[in-house]
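Inspection log for the structure reproduced underneath, given as structure tokens.
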Amino acid sequence: MDELDPERDRDGLAVPWEEVRRDYELGRLTRNGIAHRYRLRRGQLDVRARTHKWVRPGSKRALDRQLLIARLLGLLERQMDLVEEDMDKGTRVDSKVLNDLVRDLDKLITMERAEGHTEGTITDPGEASEMRRKLEARINAITKGLT
């Protein structure tokens, strides 16, 4: 019996794995439906999803990641509040702290976008967008105070 190529479908054609992943993570089709659509063996799809850690909507892993993102956003908000309190006391804020907050926020926005599975032009989702606006306002206040 011949070895089956995991990169080929039942017809021997290359599998468009990015499309398969998108359909898998959007959850609009069942796993059997995805396998049928892309002419895959069900085991082939399952192995690929497990190996590459694809997450189906509503799965325990997806819910855990959403909870983690929400907690991280809360921690970032708390960090921004502490920086603002220090500023109100007249304490000079290190620009590295601000750069770190911006970097962390950008990472969280990226994670939140990935969890939202949005397609096309993406705007910042709700809470992250509001936090970004607050952070930008705080940075502007600091930079105006330093000039």
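No value in this document is a laboratory result; all are computed from the given coordinates. Predicted, not measured: the structure shown is a model, and the values here were computed from it. Virtual Cβ from ideal backbone geometry, glycine too; neighbours counted across all protein chains shown.
Measuring against 25 Å, Cα to Cα, the residue pairs LYS53/LYS134; LYS60/LYS134; LYS89/LYS134; LYS53/LYS96 contain LYS53/LYS134; LYS60/LYS134; LYS53/LYS96 as the ones spanning a longer distance. Note on LEU26 and LEU75: the model spin-label points, each 7 Å out from Cα along the C-beta direction, lie 3.3 nm apart. Across the range 41-51, rounded Karplus estimates of 3J(HN,Hα) from the backbone phi angles (6.51 cos²θ - 1.76 cosθ + 1.60, θ = phi - 60°) give 7, 4, x, 4, 5, 4, 5, 4, 4, 5, 4 Hz, Gly and Pro being marked x. Efficiency by 1/(1 + (r/R0)^6): what FRET value for GLU18 and LEU68, r their Cβ-Cβ distance, R0 = 35 Å, to the nearest 0.05? Working from the Cβ atoms, E equals 0.90.
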